[in-house]
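Scroll down for the structure; my scribbles are underneath it.
The values are calculated or read from the model by the stated rules, or taken from the named source; none is laboratory data. Treat the numbers as computed from the prediction; the structure is a model and nothing was measured. In this analysis, Cβ positions are derived from the backbone assuming ideal geometry, glycine residues included, and neighbour counts consider all displayed protein chains. For the accessible areas, the whole protein counts, side chains as well, though only heavy atoms, and no ligand, DNA or RNA atoms are used. Shrake-Rupley method; radii C 1.70, N 1.55, O 1.52, S 1.80 Å.
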Amino acid sequence: MLDLLHATWLYAQSHAAEFWGALADHLLLVAVSLSISMVISIPIGIWSSRGQRTVVIDAFSTFRVVPSIAVLFLAIPFFGLSRTSAIIALTLLAFPPILINTDAAYRTISPAIREAAVGMGMTAGQIWRRVETPLALPVMLAGIRTATVELVASATLAAFIGVGGLGLYVVRGFALYDISILLVGAIPVALLALFIDLTLSGVQRHIQVSV
Amino acid sequence: MSAIRFENVSKQFANVGHTAVADATFAVAEGSFVVLLGPSGCGKTTLLKMVNRLIEPTSGVIYLDGQDSRAVDATTLRRQIGYVIQQIGLFPHMTVAENVAIVPDLLKWSKEDIAARVDEMLALVDLPPAQYRDRYPAQLSGGQQQRVGVARALAGDPKVILMDEPFGAVDAITRIGLQDALLQLQRRLHKTILFVTHDVEEALRLADKMVVMKDGRVHQYDTPFNILKNPANDFVRELVGADDMVRQLGLIRVEAAMQPLPPDFTHNGQPTIPQDSSLRQALSLLLGDGVTTLVVTDGAEPVGVLTLRQIQRYRE
Ligand SMILES: Nc1ncnc2c1ncn2[C@@H]1O[C@H](COP(=O)(O)OP(=O)(O)OP(=O)(O)O)[C@@H](O)[C@H]1O
Ligand SMILES: [Mg+2]
């Protein structure tokens, strides 16, 4: 076991430049797809929270069971073995947790709080900015956290269509039947996911208000 | 001029068979405390919410200070009307001070004015500002939260305050304390208060005048005493317990029934009672102490005497 880790360490050191590049690619994939996903799914979530429990949310809940690798292969005919395909697959992957949590976050704000706000003469915009959004933030953030962790893990798939990221070492290790190389990808991915999870849950706790 | 005047106000919700409020017409004098009383579902909340236009009437007009309430836009109107709801509705992510500052802030007061106003309001509802200003609602008891709710409604210095069962969720003792505090506030500030409750005791205790409602209709609008004395119909009689004499005595002040001091009056140890106590309190003192005469006082000064016979006579 220790031998294995040692071999992993040596391999990473001997490929240091490549490793940092792969890490940067990985983070870039995550950041880009997370951003696009947030820009699209947060407004949809806010909009859908105002209606009855909607088709939108149910559709996305169902969508969750489609494996991201399937989405990836569906994108390939249109965008080829490209970074675009990878980003599309990852963006779609991040939709459900962000959308569902955003919907729930705004939906579960107590009607009494809204009524008090309207009754005191706040405009719709003021209520949204000063009351609803601050109260919705912790639950929304929980969705973003889930999405980010999923993205960090799933961005590994990008390497299967040759667009880099830490999955590079997973693919290579697999091809060469060398677990130590595979771990050069797998361990940082796991640590990264763990780190992001802990950081965001810390932030979430910090902004959480007790109701 | 009346602070609030309802003129043939009705509300019919879409897809609901019965009328929530039917043809309400009455006027609330400036500075008076008017209580809307009636069983659940009779339309109290609907009537109240039409004043600050959270609900728009189907027909009829509500005049505020003589002006049609639809003449100004709804948010402007609401900033001039204090509003306390049963569930309190404090904003959990804001401190007590931030909650109280909402309306002054919407009215664009200066920072210094707002800070001073917040402290003034908290002191008014008996929450020492230094101690409570920076707390969050979750760090307060239910009764304290209600006080903050009242402070928040008063902060913009509205002339009219709407309160929808504001003390419904607190225990009986806290409730009495809050009622006392509210009465004192009202005496000091002379706001026009429209107060919803389905608790008869609370209504009798607080009201200058009561609106007794059932099935969307106003059955009687009068002072608590007149309603107890002359209930308009059997429903009102039963609801307010008009046949309960002790309840009636609770509404008559000692000074109304007392006799002036006899010329040869000497105070030799009879129990005393303040002149603004109720006859009910006088009665319990008479029975409890086993005496026949009470000395009525204004402050420390004896101003009259009260006997069991006078109480009896007053009832008839
Ligand atoms: N938004 C609404 N849509 C449809 N019907 C409503 C609505 N609000 C109230 N009602 C109906 O109007 C009637 C009066 O309701 P309202 O809330 O005014 O009663 P209330 O006297 O305040 O009762 P409670 O003491 O239970 O609060 C009820 O029959 C209620 O079901
Ligand atoms: Mg009600």
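A few comments on the model shown:
- Averaged over the residues of peptide A:130-143, the number of Cβ atoms from other protein chains lying within 10 Å of each residue's Cβ is 2.
- About the Cα centre, charge dipole magnitude for region B:2-244 (Lys/Arg +1, Asp/Glu -1 at Cβ), debye: 380
- Counting only protein heavy atoms and a probe of 1.4 Å, the accessible surface of region A:2-210 is 74% carbon and sulfur.
- For region A:129-211, the fraction of C-alpha pairs more than 14 angstrom apart is 68%.
- Among B:Ala71, B:Ala242, B:Ala181, the residue with the largest mean-square fluctuation in a Gaussian network model of chain B, with springs joining Cα atoms closer than 10 Å, is B:Ala71.
- When the pairs B:Lys159/B:Lys214; B:Lys44/B:Lys111; B:Lys191/B:Lys214; B:Lys108/B:Lys209 are compared against a 30 Å limit on Cα-Cα distance, B:Lys44/B:Lys111; B:Lys108/B:Lys209 fall above it.
- Short-range pairs are left out: with C-alpha atoms under 8 Å and at least six residues apart, the relative contact order of chain A is 26 percent.
- Per residue of A:121-128, other chain Cβ atoms within 10 Å of the residue Cβ number 4 on average.
- In this simple spin-label model, placing a label point 7 Å from the Cα along the Cα-to-Cβ direction at both A:Ala175 and B:Asp234 gives a separation of 9.4 nm.
- Rounded to 0.05, the FRET efficiency of the B:Phe225 and A:Val55 pair, given R0 = 51 Å and the Cβ-Cβ distance, is 0.30.
- With every protein chain in place, region B:2-244: carbon and sulfur % of accessible area (1.4 Å): 47
- Note on B:Leu107 and B:Glu301: their simple-model spin labels are 3.8 nm apart, each label 7 Å out from Cα toward Cβ.
- When the Cα gyration tensor is reduced to axis lengths a ≥ b ≥ c, the ratio a/c is 1.5 or higher for region A:2-210, and with a/b above b/c it is classed as prolate.
- For the protein assembly as shown, with +1 on Lys and Arg beta carbons and -1 on Asp and Glu, the positive-most of B:Val291, B:Val305, A:Ile187 along the dipole: A:Ile187
- Applying 1/(1 + (r/R0)^6) with R0 = 45 Å to the Cβ-Cβ distance of A:Phe63 and B:Thr76 gives a FRET efficiency near 0.50.
- R0 of 22 Å, Cβ-Cβ distance B:Phe26-B:Asp215: FRET efficiency to nearest 0.05: 0.85
- Per-residue SASA remark: B:Arg5, around 90 Å² accessible (1.4 Å probe; ligands, DNA and RNA not included).
- Cα gyration tensor shape of region B:254-315, rounded if a/c is under 1.5, else prolate or oblate by comparing a/b with b/c: rounded
- The C-alpha atoms of the protein assembly as shown occupy a region whose extents along the principal axes are 119, 53, 42 Å, arranged from largest to smallest.
- Intensity falloff of region B:164-316 expressed as log10 I(q)/I(0), Debye formula with alpha-carbon point scatterers, at q = 0.18, 0.19, 0.21 Å⁻¹: -1.14, -1.21, -1.31
- Shielding of B:77-85 by partner chains, average beta-carbon count, 10 Å: 3
- Pairwise Cα separations in region B:1-148 fall into 5 Å bins from 0 onward with the following percentages, short to long: 2, 8, 15, 17, 16, 14, 13, 9, 4, 1, 0.
- Computed across region A:158-201, the Kirkwood radius stands at 10.8 Å (inverse of mean 1/r, all Cα pairs).
- Taking every protein chain into account, the accessible area of chain A amounts to 50 square angstrom per residue (probe 1.4 Å).
- DSSP-defined beta bridges in region B:2-244 - what % are antiparallel, rounded to 5: 50
- Top positive-direction residue, dipole computed over the protein assembly as shown with Cβ charges, set A:Ser41, A:Met1, B:Pro158: A:Ser41
- Spin-label model distance (nm) - A:Thr199 vs B:Gln270, 7 Å beyond Cα toward Cβ: 8.4
- Normalised size of chain B, defined as Cα radius of gyration per 2.2 N^0.38 Å with N residues, equals 1.12.
- Kirkwood Rh and Cα Rg combined as Rg/Rh, region A:1-89: 1.16
- Overall, region B:178-316 carries a charge dipole of about 260 debye about its Cα centre when +1 sits on the Cβ of Lys and Arg and -1 on the Cβ of Asp and Glu, all other atoms neutral.
- Of the accessible area of region B:254-315, computed with a 1.4 Å probe over protein heavy atoms only, carbon and sulfur atoms account for 49 percent.
- Dipole magnitude for the protein assembly as shown: computed about the Cα centre from +1 point charges on Lys and Arg Cβ and -1 point charges on Asp and Glu Cβ, it is near 740 debye.
- Summed over both chains, the area buried between B and A is near 1800 Å², taken from the accessible surface of protein heavy atoms with a 1.4 Å probe.
- Cα centroid of region A:10-26 to Cα centroid of region B:65-96, whole Å: 61
- Remark: accessible surface ordering of B:Arg152, B:Arg217, B:Arg309 (largest first) is B:Arg309, B:Arg217, B:Arg152, probe radius 1.4 Å.
- Peptide packing for B:112-124, A:26-38, B:204-216, B:260-272 was compared via the average number of neighbouring C-beta atoms within 10 Å per residue; ordered from the highest value, the list is B:204-216, A:26-38, B:112-124, B:260-272.
- Highest mean packing first, where packing is the average number of other Cβ atoms within 10 Å per residue, the peptides A:144-154, A:86-96, B:287-297 line up as A:86-96, A:144-154, B:287-297.
- Rg to Rh quotient for region B:136-250, alpha carbon positions, Kirkwood Rh: 1.00
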